[in-house]
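Each remark here refers to the structure printed beneath this line.
Since every read-out is calculated from the coordinates, none of them should be taken as a lab result. What you are looking at is a predicted structure, and each value in this text was computed from that prediction instead of being measured. Note that we place each Cβ from the backbone using ideal geometry, even for glycine, and neighbour counts take in every protein chain shown.
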Amino acid sequence: MNKTIYYVNGNAVRKLEEAEPQRHGHSTRRELEDARRRKNRRRAARRNQERALSMNRAFVTFLTACVLASAFVSVTVIQTRSNVTQQMKEVAALESKVADIKADNDVRYKKITTSTDLNAIKDAAINRLGMKSATQDQIVYYSVDNNNYMDQYNDIPE
């Protein structure tokens, strides 16, 4: 007895399909064995999937060690970068301070050189203090080796 069954698929679509002939408890031995095999395969697949998804203690320990090691390395890198940035800021501040001091020194040097009049000093030495220019026999020349220093073993002659 074949019956045609109509049903709604979705919210408004109708499809026409024929239903399989229904058997009332009359399955063959082969169909029962096939059903049992399919059920066993499903169980085996489920067990394999559970085994694949399960994590044993050693694997969890390994993953924990990996996470801790990566966290340690990340924290170390961040601290190192922070220290380098801080030191770069300090170096920049010190370089700025050195530049300011050099500019101040240049200003003071210019002020000293412009305020000193060598002709006035020579005039004061000759007229007020009675100094005279050195004569040729008062000048003594010394030869210096390529050393950066000179040792004095005797007094300089007058």
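Of the residues Tyr153, Tyr141, Tyr109, which single one is assigned to a helix (DSSP H, G or I), free of Cβ contacts under 8 Å to residues at least 24 places away in the same chain and of a type in the set (Ser, Thr, Tyr)?
Numbers: Tyr153 fails: assigned to a helix (DSSP H, G or I); Tyr141 fails: assigned to a helix (DSSP H, G or I).
Tyr109 is the lone residue from the list that is assigned to a helix (DSSP H, G or I), free of Cβ contacts under 8 Å to residues at least 24 places away in the same chain and of a type in the set (Ser, Thr, Tyr).
Within segment 51-60, can one find any residue that is of a type in the set (S, T, N, Q) and surrounded by 10 or more Cβ atoms within 10 Å (Cβ to Cβ)?
The answer is no; no qualifying residue exists.
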